[in-house]
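The values are calculated or read from the model by the stated rules, or taken from the named source; none is laboratory data. Small disclaimer: the values here were computed from a predicted structure and weren't measured. The area values use the complete protein model at the heavy-atom level, side chains included, leaving out ligands, DNA and RNA. Shrake-Rupley method; radii C 1.70, N 1.55, O 1.52, S 1.80 Å.
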Amino acid sequence: LLMGRRNSLLEDYPMMDEQLMDVEKLREKRRASSFIEVRFQDHLVATVCVEGGSPLWKQSMSVPFRPPQDDFTPSNLDQIRDEIIFTLFDQVYEDDAHRGGFL
């Protein structure tokens, strides 16, 4: 009974396949690229932009480090409380020519 009911529901909504195709077309018109920004002390570095829904960076990054008073003794290094901040940015490009816009 449930299967018959489900089939009748699908028959009531013949547009469903067309709507799914529209979603796929929309995905084709959108492109996304992502990059990561790293901040430490007064320095900022960023990765290259990678396109796709599941980006993977195979990139090494280096951020300069300077201890207070240029003192590298263990007791001085133990006092450092600077934060490393990672920020992920996504850029989405969408072709909106069908709405009269420009890419």
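The H on the amide N of residue 41, modeled in the peptide plane, is under 5 Å from the matching H of 83, each at least 5 residues off or on a different chain. Taking θ as phi - 60° and the Karplus parameters 6.51, -1.76 and 1.60, the scalar couplings of segment 46-53 work out to 9, 7, 6, 6, 10, 8, x, x Hz in sequence order, x denoting glycine and proline. Looking at segment 38-83, the accessible area is 82 square angstrom per residue; that uses a 1.4 Å probe and ignores ligands, DNA and RNA. Taking each residue as 0.36 nm, the span from residue 38 to residue 78 lengthens on full extension beyond its C-alpha to C-alpha distance by 12.2 nm. Close amide H pairs (under 5 Å, H built 1.01 Å from N) link residue 32 with 52, 93, residues at least 5 positions away or on another chain.
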